[in-house]
Every structure is written in structure tokens, then in C-alpha cells.
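The values are calculated or read from the model by the stated rules, or taken from the named source; none is laboratory data. Model, not experiment: these values are computed from the prediction. Please note: Cβ atoms are built from the backbone with ideal geometry, for glycine as well, and neighbour counts cover all protein chains shown. Surface accessibility is based on the protein's heavy atoms, side chains included, excluding ligands, DNA and RNA. Shrake-Rupley method; radii C 1.70, N 1.55, O 1.52, S 1.80 Å.
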Amino acid sequence: MRYFCRFWLTVLRLAVSIINSRRKETARANKLLAQVEEKLGGTFAPATRKKIAVSYGIYNPMICDVFTRLHGRLTNNAEKEKLIHYFICSSLFDDFTDYDTITLEQLNAISFHPGEYQPTTFDEKAFLQSHLLLRNYVKDKTTYLDINKALYKAQLASKKQYQSQLPQEDIQQITFTKGGYSVLLCRHYLDINATKVEEECWYRIGTIIQLTNDLFDIYKDLQDQITTLPNSMTNAYAFEQFFMQQVTQMKAYIQQLPYSKGLKQQFALSMAGIYAFGFIAIQQLKNIQGNLLQLPDLQTIPRKALIVDMEKKKNLNQWFRFTYKYGRL
């Protein structure tokens with residue numbers, strides 16, 4: 001009964017927090033983006049602008065506020081500003097690599113020698129400004145640089161997933177490094193003293209988020225000829241076990257956190273709300289496979305069967321069920 005009450009209290013608080021802060025934080029991001037545009041005399045591409053604002057608006061309450069609650073507070077205004085700058089960098093980096101708007105030599109220079117780089121376009125100026133702001137802020141500059149280098153390598157390696165014949169081990173390494181380090185970077189923008197095991201939680205939830213994004217993007221990635229772990233799976237039940245291994249490791253790290261049992265349980269439930277999306281997508285694939293020994297060729301499955309619609313009542317009910325099931329420590 002105690003867990004049941006804590007479950008509903010945590011889920012309702014998380015839902016209210018996301019609903020109330022999403023619009024407010026998205027507006028905060030758009031305001032800062034407008035200031036950047038005015039200062040640098042240019043504009044973000046509409047799709048990039050939207051991606052930055054929407055991603056930040058969701059990410060802050062679902063990830064950063066959940067971690068800062070372990071320290072007895074929510075993210076403050078200064079931290080929020082830095083997180084918006086992080087999404088400026090990550091979104092523009094994606095544009096640089098997806099659309100080849102700068103050369104690899106320029107990409108390396110703007111990433112690791114920003115003080116010497118001479119930007120010519122608005123996107124380069126905006127990336128450089130945010131990148132330098134974040135780089136100058138972080139306290140542990142050596143670790144931060146190491147994470148940036150590992151993430152940079154994984155992001156470039158992910159281009160090899162196009163029309164790929166890479167072994168599954170290589171795809172997993174790219175997936176985990178890209179997802180894990182993308183999230184771990186954000187820990188350095190918060191004014192908290194995170195323990196080693198807390199940093200393991202940042203990294204692990206990043207890998208789970210990346211796997212979940214790839215599960216939701218199966219149809220899109222197949223059309224784009226991008227090979228991921230989810231769209232190359234042959235058995236949904238085996239993939240469920242693989243996904244569960246990541247969740248089990250995450251829960252083991254949560255158990256080791258040096259906080260009260262109540263705080264850890266609250267944190268675990270918030271994290272389970274993220275795992276739940278992955279389990280919903282896997283359940284949909286299990287329904288496609290049924291009693292067969294393996295999945296049909298996913299290229300033959302219609303879009304409607306692969307898209308995960310979270311507005312469906314069935315999926316919302318599953319979200320509550322999976323969050324409840326996997327949130328208990």
C-alpha cells in the first residue's frame with residue numbers, strides 16, 4: 001500500500017510538473033533563442049529552432065529536475081539557461097553532420113579549438129558562442145573534455161549506420177556511447193556535487209533513452225536506410241531481455257545512491273516513467289511476432305503497425321502499468 005501511494009503521488013507530481021513547466025520552459029528557450037538571433041544578426045532554421053525549444057522543454061522536467069530533486073531542489077534559472085545552450089550546441093552539431101554544412105576539419109576545429117575558430121555563418125557563430133559559454137562554465141574541464149571527445153567520436157561513427165553492414169557489437173557501442181554521454185554532459189551544467197554512482201545513473205538513462213528513441217523511430221530509420229539495434233532485431237522477446245538488462249543495471253545503480261530510501265524510490269519511479277516508453281514499443285513488436293520464432297522482416301510491416309501512438313488509451317494504460325512494475329526498488 002505504501003508503494004502504491006508513493007507511485008501515484010510521484011506520477012501525478014511528475015505529470016503536473018511536465019504539463020506546467022513544458023510550456024513555460026519552451027517559452028524560456030524561445031526567448032533566449034531570439035536574443036541569440038538579435039545579437040548575432042541571423043536566424044535559426046525553423047526546424048532547428050523548434051527542435052531546441054521543444055527538446056529542452058521536455059528534457060528539463062523529465063531528467064534534470066528529477067536529478068536535482070535528489071539534492072533537495074529543482075533546476076535554477078542559471079542552470080536552465082546553460083541547458084538551453086547545450087541544446088543549441090547539440091542541435092546545430094546534428095545539422096552540421098546531417099547536412100554537411102561544414103567540413104570534418106572545420107567540425108573538429110570548432111569543437112576542440114573554439115578559441116581559434118573564425119565562424120562565417122550564423123549557425124557557426126551560434127554554436128561557437130554557446131560552446132564557449134558552456135566550456136568556460138564547467139568546473140571539471142578535463143572530464144568534460146574527455147566526454148566531449150568520446151561523444152564526438154560516437155556521433156561521427158553513427159554516420160556509418162547509413163546503409164550499414166556494421167556488426168551488432170559496433171552498433172551497440174555507438175548507440176550506448178552517443179546516448180550515454182549526451183545525457184552525462186548535462187550533469188556538468190548543474191551546480192550539484194554528483195557522486196560517481198550518480199554519474200553512472202546519468203549515463204545509463206542516456207543509453208536507455210537512445211534505445212527508446214530508436215524503438216520509436218524504427219519505421220523512419222528503415223526508410224532512411226539507417227541501421228539501429230531495434231530495426232535490425234530478429235526476435236522481440238530477446239530484445240526485451242536485452243532492454244531489461246539495461247533497466248536492471250540502472251536499478252542497481254539507484255540502489256547504491258547515497259540518499260534516503262524515500263528519495264531513491266521517488267527517483268526510481270521517475271526513471272521508470274522513461275523505461276516504460278521502451279517497454280510499450282517492445283510490446284508492440286511482440287504483438288507483431290506473436291508465437292513465431294522470430295519477427296517478420298520489418299521492411300514488410302506497414303507504418304501503422306510500427307508507429308507507437310502514445311495518444312491511444314491502450315498505450316497510456318500500459319505506461320502506467322510498466323512504470324508501476326519497474327519503478328519498485
(message) When the residues of region 122-140 are narrowed to those that are in a loop (DSSP other than H, G, I, E, B) and either free of Cβ contacts under 8 Å to residues at least 40 places away in the same chain or open to solvent by 60 Å² or more (accessible area, probe 1.4 Å) (or both), which ends up farthest from Lys39 (Cα to Cα)?
(response) Asp140
(request) Report yes if Arg49 is within 30 Å of Trp319 (Cβ to Cβ), buried (at least 18 other Cβ atoms within 10 Å of the Cβ) and within 23 Å of the chain's Cα centre (by Cα), otherwise no. (result) yes
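Any idea which of Ile110, Ile88, Ile52, Ile58 is part of a helix (DSSP H, G or I), β-branched (Val, Ile, Thr) and touching a Pro at 6+ places or on another chain (Cβ under 8 Å)? Step through it out loud before you land on a result.
Values: Ile88 fails: touching a Pro at 6+ places or on another chain (Cβ under 8 Å); Ile52 fails: touching a Pro at 6+ places or on another chain (Cβ under 8 Å); Ile58 fails: touching a Pro at 6+ places or on another chain (Cβ under 8 Å).
Only one candidate qualifies: Ile110.
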(message) Quick check on my filter: what residues within region 252-268 are outside any helix (DSSP H, G or I) and without any contact (Cβ under 8 Å) to a residue 60 or more places away in the chain?
(response) Ser260
(request) Filter region 209-263 down to residues that are open to solvent by 30 Å² or more (accessible area, probe 1.4 Å) and charged (D, E, K, R) and give me whichever is nearest to Gly273 (Cα to Cα). (result) Lys251
(request) Would you mind stating whether Glu79 is free of Cβ contacts under 8 Å to residues at least 24 places away in the same chain and among the acidic types (Asp, Glu)? (result) no
(message) Can you list residue pairs whose Cβ atoms sit under 8 Å apart, with the first residue in region 40-60 being touching a residue at least 24 places away in the same chain (Cβ under 8 Å) and the second being open to solvent by 50 Å² or more (accessible area, probe 1.4 Å) and polar (S, T, N, Q)? Count only pairs 6 or more apart in sequence or on different chains.
(response) Gly42/Thr121; Ala53/Asn30
(message) Among the residues of region 172-208, what is the count of those that are open to solvent by less than 10 Å² (accessible area, probe 1.4 Å), farther than 17 Å from Leu145 by Cβ and either modelled with pLDDT under 95 or not in a helix (DSSP H, G or I) (or both)?
(response) 1
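Among the residues that make up region 303-321, is at least one of them more than 30 Å from Phe4 (Cβ to Cβ) and small (Gly, Ala, Ser)?
Quick first cut of region 303-321, residues more than 30 Å from Phe4 (Cβ to Cβ) only: 303-307.
Adding the requirement that they be small (Gly, Ala, Ser) leaves 305.
There is at least one residue in region 303-321 that is more than 30 Å from Phe4 (Cβ to Cβ) and small (Gly, Ala, Ser).
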(request) For region 61-81, name all the residues that are open to solvent by 50 Å² or more (accessible area, probe 1.4 Å) and assigned to a helix (DSSP H, G or I). (result) Asn77, Ala78, Glu81
(request) Scan region 141-168 residue by residue and report those that are assigned to a loop (DSSP other than H, G, I, E, B) and either open to solvent by 70 Å² or more (accessible area, probe 1.4 Å) or not assigned by the TED database to the domain that holds Asp221 (or both). (result) Gln163, Gln165
(request) Taking the options Gln299, Gln294, name whichever one is of a type in the set (S, T, N, Q) and assigned to a helix (DSSP H, G or I). (result) Gln299
